[in-house]
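Since every read-out is calculated from the coordinates, none of them should be taken as a lab result. Keep in mind it's a predicted model, so treat the numbers as computed, not measured. Reconstructed Cβ throughout: ideal geometry from the backbone, glycine too, with neighbour counts over all protein chains shown.
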Amino acid sequence: MRLLFSLLALGILAAGSPAAASEDPFAYLPLVPMKKVYEGLGGKIRIDESIRPLAASSGAPRTIEVVRKIAYLNFPAKTIVSTYSFDPSTGNYAKLSSTSAFSKAVFHYHPPLVRAHLPFKKGDRWDGEDGQNTIRDRVWGKVRITLPAGTFICWVVRRKLTYDLISRRSTQYLYEYYAKGVGFVGEGGWSATGKWHWSKRLLSFKMVSGASG
């Protein structure tokens with residue numbers, strides 16, 4: 001009940017029933033050239049993101065490169081380059097690699113870290129591990145939200161993150177939002193005081209031509 005009341009307090013309205021299995025898997029996670037700008041933590045963080053499809057042989061998984069320039073307050077901006085792929089045989093959209101914001105290291109995920117299972121379907125689940133951290137995702141449903149970039153009807157994925165710290169384990173719940181024709185548009189959760197906050201929300205986006213590899 002707390003989740004329902006909190007969503008209503010945010011002005012987020014439940015919308016529609018889950019899409020049919022025949023829905024275009026890329027409707028809510030398009031793998032096309034795009035530029036996005038996000039803010040987070042009440043404007044303390046700005047993220048400039050560029051998405052670029054990479055060339056692939058016929059029948060191979062579709063792969064994209066995502067470059068994120070992250071600026072936090074007055075600290076120097078950091079750039080992180082990641083690659084993701086979609087495997088039509090499994091429906092998995094997964095993270096393959098990522099650079100580090102603090103060194104020249106490049107991390108490769110074996111097996112790839114599943115970020116979404118397409119097409120989205122209410123109740124669908126998938127798990128993964130990022131280092132010592134355990135991730136459990138579940139498709140919660142559809143909602144309507146209003147962000148600086150516009151009003152969207154989104155699929156919502158509830159993410160349970162369990163951090164394996166040196167002295168204890170810590171759990172955090174986040175909600176990721178995916179809009180039709182745009183893809184990921186925001187992420188938020190509740191603080192320890194019960195107040196909702198956007199850790200990341202879309203300010204603007206635009207399609208880019210001639211950016212494929």
Worksheet entry | Average silhouette area of the range 123-213, convex hull of alpha-carbon atoms, in square nanometres | 8.3 nm²
Practice prompt. Output the pairs from K36/K180; K69/K200; K69/K206; K95/K142; K121/K200 with a Cα-Cα distance over 18 Å in this structure; if there are none, say none.
Written response: K95/K142; K121/K200
Fill in: Positive-end extreme of charge dipole, the range 2-207 - chosen from I45, Y93, S82 (charges on Cβ)
I45
Fill in: Isotropically averaged projected area of the range 34-126, using the convex hull of Cα atoms (one quarter of hull area), nm²
7.8 nm²
Worksheet item: Whose amide H sits under 5 Å from the amide H of L29, counting only residues 5 or more places off or on another chain, with H placed in the peptide plane?
Response: G181
Worksheet item: Are any of the pairs K44/K78; K44/K160; K78/K104 more than 19 Å apart by Cα-Cα distance, and if so, which?
Response: K44/K160
Worksheet item: Which of the trypsin sites (Lys or Arg not before Pro) across the range 101-204 are loop residues per DSSP, with 12 or fewer other Cβ within 10 Å?
Response: K104, R168, K195
Practice prompt. For the range 2-207, go through all pairs of different Cα atoms, get the mean of 1/r, take its inverse, and jot down that Kirkwood value in Å.
Written response: 18.0 Å
Worksheet item: Can you give me the Cα centroid spacing of the range 42-88 and the range 97-165 in angstrom?
Response: 14 Å
